[in-house]
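Engineer: I have a structure here, written as structure tokens, and I will follow up with some questions on it.
The values are calculated or read from the model by the stated rules, or taken from the named source; none is laboratory data. Everything quoted here is computed from the prediction, not taken from an experiment. Positions of Cβ are backbone-derived with ideal geometry, glycine not excepted, and every protein chain shown enters the neighbour counts. The accessibility values were calculated without ligands, DNA or RNA, using every heavy atom of the protein model including side chains. Shrake-Rupley method; radii C 1.70, N 1.55, O 1.52, S 1.80 Å.
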Amino acid sequence: MEAEIRRDGAVLTPRYDAAPGRRPGTARVIKDHLARTGMVVISAATCLLVVLIAGALLIRSLPLLRTQSLGELLTSSTWQPSHGAFGFAPFIAGSIAVTAVAMIVAVAPAIFTGIYLSEYTVARTRTRLKPLLDLMVGIPSVVYGLWGILFVVPLVRDHVGPWIDGTLGQVSPLFRQTNPSGYGLLSAGLVLGIMVFPLIVAVTEEVLRSVPHEMREAVLCLGATRWETTLCVVRRRGMAGILAAVVLGFSRAFGETLAVMMLIGNSVQVPRSLFDSAYSLPALIANNYGEMMSLPNYESALMAAALLLLAVVLLFNVAARLVVNRLTARS
Amino acid sequence: MNRKQRRRLQEAFFVGIMRTSLAGACLVLGTILAVITVRGVGALSWEMVSQPPESGFYLGGGGGILNAILGSLALATGATLLAMALAVPLALFMHTYLRSSRIANGIRLVLDVMWGIPSIVYGAFGFALMVFMGLRASLLAGVLTLALVVLPILARTFDEVLMMSPKDLREATLSLGATRLEYLGVLLRQALPGLMTALLLAFGRGIGDAASVLFTAGYTDALPQSLTRPVASLPLAIFYQLSTPFPEVQARAYASALVLTILILVVSLLAQLSARRLGKHVIR
Amino acid sequence: MTALSVRNLNVWYGDKHTLNDVSVEIPLRRITCIIGPSGCGKSTLLKALNRLLDLNDQVKVSGQVRLDDINIYDPGVDVTEVRTRVGLLAQKPFPLPMSIFDNVAYGPRIHGRHNGKIHALVQEQLQAVGLWDEVADRLKAPATSLSVGQQQRLCLARTLSVEPEIVLCDESTASLDPISARGIEGLLCALKDKYTVVLVTHDIDQARRLADHVIFMWLGEVVESAPAGQFFGQPKEELTQAYLAREIG
């Protein structure tokens, strides 16, 4: 009887003519339990992946951490692998600087675009604009990098650079065009800003759209304009969400590898000007994997860089996601 | 100026800013596509996309980037299928056995966070594992690493698709005496077109990702042959051609970027289409 | 005297014709009740009266709603002005996520209508809805800390704070307990000296208690629009008679 039922197991309807004394569908219930167990295992494995990644990177970076303290690694700016000197400071400074430029470029337009999509457009316009944003997310980072080389670098070198140098350069060394190549913080930051723009837009829109419809109706019925309604929505409910969107954008930009590597100039120094070339943490890892087995502790240093990257991104991501989830779940 | 005019002006001002931002973004996207097309189309030829590199290719010799095109397709296909084997049961699990409980939200959080981990970190992790297991850069290692990158994308996108399934479907199915597994079958049929969209999205992301395959898949001028051999990929082909000092090789990098962009465009277009064209058993 | 006159109003939700050629007059400083079974279009009619339907892009509107000889659907009309003059009290109380005081002060502030006497204005409105004594000592507390009934009264005070001429109520007592509901009903009755009230309800008894004028709708059309005495005493239409006798709907 068992075998017979199993053979036609594909038929989902229970057999009502099954032999008396045998509960119909026992095989179905067993199958149900098996599937459940399997899926629990898969889910647990997926969730453990993050721990596994962090653990593996930690183990590989231990050799370096045994010889140098973490504080020393983070603050030293001497990077001479052949002398066993692994100071991450220039790379951390470069990553923070390029990400900061990207955020300055992207945040305000992205928030305004997110607000526009959520508060001002009708569903039809939104479904037309969404594919464009999706496409911006989908364009590979190497293509962004190439576009940066072909378009942004010459623009910065020949036009933006001299102009900023001429106007703001007198005010602060931050704006002095120190580097005639065009490859540097500003070029990389501009492209990076464009790359994280759609992410900030999407999260901003998602968070704002989770604010209940009734709230807008209530404010509008007091004779408020759309913008006043938006402010009311943003100020009271959306602020944390928009902040989370910015943090998510920041962490995405922080880990971006190829486009930054192609544009930032890759010189190991703490940048002093917007036009200085610099070096980012991801670029450090990507650029040196070839020779990392040749020197003692070199591989360990790169793994430590990856671990550092992971730690920063995890911290920002978990915090921001918790905020977004709380905001969108409440409605 | 009275208050009413001021409020109206304020409204117009901010709408202006918002429209400018949006238009600016569209303009930038347009510029990207235009620059890549204009610069790429010059060096694009049939030979480029139908031949593997000949000797001296990076010095300006003959041949094409078929190795990279096929390599990228192999990597992305393998990674998407592998990720699907985990992501689909995972997403279905959240909606049949766990619907909207705290555990499901916890899994969502983990997936969202994994989505945020830079692919270079996955690459480094993949490399660490390879060293640990004594493996060399290969198609297999690349597929495994890339699968980690696309897993959260696939799982969360499919999860969102499942979230849009009608709420009554669950009650209707379960009240017929179906087990949760049987409900899962019904749900899967409902969500099949959405799954297609999610797969294409993940596939597109897989083709474009470079940082994760940099250490793990290696690079070769040969066409992909075996799981244990290194394999080329399009983003890296672009990157390496660009690194040479020869203008004609750099021009081929532009053409390769155009090929990659077209591939991405086609995939995302297919994703859009499959999202719109729903299956015949789907309840709207 | 007419506060609002609706002329040949048609509303479509996508392909669905929700309001079919509606023409009614809303009398000034009276309580008008719109009754009918669920899905008959009464809420749609209400939201058409201050262009709240604009928020939904699926909606198409044709026809006129005249407020003082201006058609509020004219392209040149300032919608914020219309919504200031025609306020709304929603079905569920929805206090803005700010303090009790700010909920009432928000409207006058954006319109710049308080002349530095915002406190007096808020007090006046809160007194008008009988909430002042209950909240005077905790004006800075979040509005959500109030009970549901208190919240609805706060929302009424907020609606009145911008001095509308017409107050639209969308089943505004439906989600309240009976005592709070009676409280709101009493307030609405008191309002009609100063305001025109339009109340959507599915509760015939409530309409009997409150209405000066009744509009009965059925499947997107107005069946009968008459003063309350006549409507409940000698309804003209058979459909109305059947509905009042609870044979249909």
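Engineer: Identify all residues within region C:45-67 that are without any contact (Cβ under 8 Å) to a residue 60 or more places away in the chain, under 14 Å from C:N10 (Cβ atoms) and open to solvent by less than 40 Å² (accessible area, probe 1.4 Å); write none if there are none.
Structural biologist: Listed by number, the residues that qualify are C:A48, C:L53, C:V59, C:G63.
Engineer: If you don't mind, another one. With the requirement that a residue be open to solvent by less than 40 Å² (accessible area, probe 1.4 Å) and among the polar types (S, T, N, Q), what does region C:68-104 give you?
Structural biologist: If the condition is that a residue be open to solvent by less than 40 Å² (accessible area, probe 1.4 Å) and among the polar types (S, T, N, Q), then C:N71, C:T80, C:T84, C:S99, C:N103 are the ones that fit.
Engineer: Output the residues belonging to region C:190-213 that are farther than 16 Å from C:L28 by Cβ and over 12 Å from the mean Cα position of the chain (by Cα).
Structural biologist: Those that are farther than 16 Å from C:L28 by Cβ and over 12 Å from the mean Cα position of the chain (by Cα): C:A190, C:H202, C:D203, C:I204, C:D205, C:Q206, C:A207, C:R208, C:R209, C:L210.
Engineer: With respect to B:V150, is the statement that it is open to solvent by 40 Å² or more (accessible area, probe 1.4 Å) and of a type in the set (V, I, T) true?
Structural biologist: No.
Engineer: If you don't mind, there's one more thing I want to ask. What are the residues in region A:143-172 that are small (G, A, S), surrounded by 13 or more Cβ atoms within 10 Å (Cβ to Cβ) and in a helix (DSSP H, G or I), if any?
Structural biologist: Across region A:143-172, the qualifying residues are A:G145, A:G148, A:G161.
Engineer: Right, something else. Given the conditions (1) touching a residue at least 12 places away in the same chain (Cβ under 8 Å); (2) open to solvent by 40 Å² or more (accessible area, probe 1.4 Å); (3) farther than 22 Å from B:V267 by Cα, which single one is not true for B:L70?
Structural biologist: B:L70 satisfies all of (1) touching a residue at least 12 places away in the same chain (Cβ under 8 Å); (2) open to solvent by 40 Å² or more (accessible area, probe 1.4 Å); (3) farther than 22 Å from B:V267 by Cα except (3).
Engineer: Can I ask one more? With the requirement that a residue be among the aromatic types (F, W, Y) and facing chain A (nearest Cβ under 8 Å), what does region B:97-118 give you?
Structural biologist: Result: B:Y97, single match.
Engineer: Only one of A:S251, A:S300 is open to solvent by less than 10 Å² (accessible area, probe 1.4 Å), closer than 30 Å to B:F132 by Cα and more than 9 Å from chain B (Cβ to nearest Cβ). Can you tell me which?
Structural biologist: Just a single option satisfies the conditions, and that option is A:S300.
Engineer: Let me spell it out: the conditions are (1) crowded, with 19+ Cβ neighbours inside 10 Å; (2) outside the structural domain of B:G142 (by TED's automatic domain parsing); (3) over 30 Å from A:A319 (Cα atoms), and B:G64 meets all of them except one. Which number is the exception?
Structural biologist: Unmet condition: (2).
Engineer: Is one or more of the residues making up region A:222-231 out of contact with any Leu (no Cβ under 7 Å at 6 or more places or on another chain), closer than 30 Å to A:R176 by Cα and either more than 7 Å from every other protein chain (Cβ to nearest Cβ) or not β-branched (V, I, T) (or both)?
Structural biologist: No, region A:222-231 contains no residue that is out of contact with any Leu (no Cβ under 7 Å at 6 or more places or on another chain), closer than 30 Å to A:R176 by Cα and either more than 7 Å from every other protein chain (Cβ to nearest Cβ) or not β-branched (V, I, T) (or both).
Engineer: Would you be able to say whether some residue in region A:122-132 is outside any helix (DSSP H, G or I), β-branched (V, I, T) and at pLDDT below 90?
Structural biologist: So far as region A:122-132 goes, yes, one or more of its residues are outside any helix (DSSP H, G or I), β-branched (V, I, T) and at pLDDT below 90.
Engineer: Let me ask something else. Just wondering, is there one or more residues in region A:102-117 that are within 14 Å of chain C (Cβ to nearest Cβ), modelled with pLDDT of 90 or more and either open to solvent by 10 Å² or more (accessible area, probe 1.4 Å) or assigned to a helix (DSSP H, G or I) (or both)?
Structural biologist: yes
Engineer: Do we have any residue at all in region B:35-52 that's buried (at least 20 other Cβ atoms within 10 Å of the Cβ), over 26 Å from A:M195 (Cβ atoms) and assigned by TED's automatic domain parsing to the domain that holds B:G208?
Structural biologist: No.
Engineer: Now for a different question. Just wondering, is there one or more residues in region C:96-106 that are part of a helix (DSSP H, G or I) and within 20 Å of C:K194 (Cα to Cα)?
Structural biologist: Among the residues of region C:96-106, at least one is part of a helix (DSSP H, G or I) and within 20 Å of C:K194 (Cα to Cα), which makes the answer yes.
Engineer: Next question. If you scan region B:102-128, which residues turn out to be hydrophobic (A, V, I, L, M, F, W, C) and within 26 Å of B:L92 (Cβ to Cβ)?
Structural biologist: B:I103, B:A104, B:I107, B:L109, B:V110, B:L111, B:V113, B:M114, B:W115, B:I117 - these are the residues of region B:102-128 that are hydrophobic (A, V, I, L, M, F, W, C) and within 26 Å of B:L92 (Cβ to Cβ).
Engineer: If you go through region A:127-142 one residue at a time, how many are of a type outside the set (A, V, I, L, M, F, W, C), within 8 Å of chain B (Cβ to nearest Cβ) and open to solvent by 40 Å² or more (accessible area, probe 1.4 Å)?
Structural biologist: Residues in region A:127-142 being of a type outside the set (A, V, I, L, M, F, W, C), within 8 Å of chain B (Cβ to nearest Cβ) and open to solvent by 40 Å² or more (accessible area, probe 1.4 Å): 1 in total.
Engineer: So, one more: Please pick out the residue among A:V219, A:V207 that is at pLDDT below 95, within 14 Å of another protein chain (Cβ to nearest Cβ), within 30 Å of C:C169 (Cβ to Cβ) and crowded, with 20+ Cβ neighbours inside 10 Å.
Structural biologist: A:V219
Engineer: Exactly one of (1) within 9 Å of chain A (Cβ to nearest Cβ); (2) over 25 Å from A:L129 (Cβ atoms); (3) crowded, with 23+ Cβ neighbours inside 10 Å is unmet by B:L242. Its number?
Structural biologist: Among (1) within 9 Å of chain A (Cβ to nearest Cβ); (2) over 25 Å from A:L129 (Cβ atoms); (3) crowded, with 23+ Cβ neighbours inside 10 Å, the lone unmet condition for B:L242 is (3).
Engineer: I'd like the residue in region A:25-54 that is more than 26 Å from B:I117 (Cβ to Cβ) and in contact with a Phe, Trp or Tyr (Cβ under 9 Å, 6 or more places away or on another chain) and, out of all such residues, is most open to solvent (accessible area, probe 1.4 Å).
Structural biologist: Applying the filter and picking the extreme gives A:R36.
Engineer: One residue is enough: does region B:249-266 have a residue meeting the conditions in a helix (DSSP H, G or I), in contact (Cβ under 8 Å) with a residue 40 or more places away in the chain, within 10 Å of another protein chain (Cβ to nearest Cβ) and open to solvent by 20 Å² or more (accessible area, probe 1.4 Å)?
Structural biologist: The answer is yes; a qualifying residue exists.
Engineer: For region C:174-249, list the helices (runs of 4 or more DSSP H) that sit wholly inside it and hold at least 2 residues that are in contact with a Leu (Cβ under 8 Å, 6 or more places away or on another chain) and either crowded, with 18+ Cβ neighbours inside 10 Å or at pLDDT 90 or above (or both); which are they?
Structural biologist: C:178-191, C:204-210
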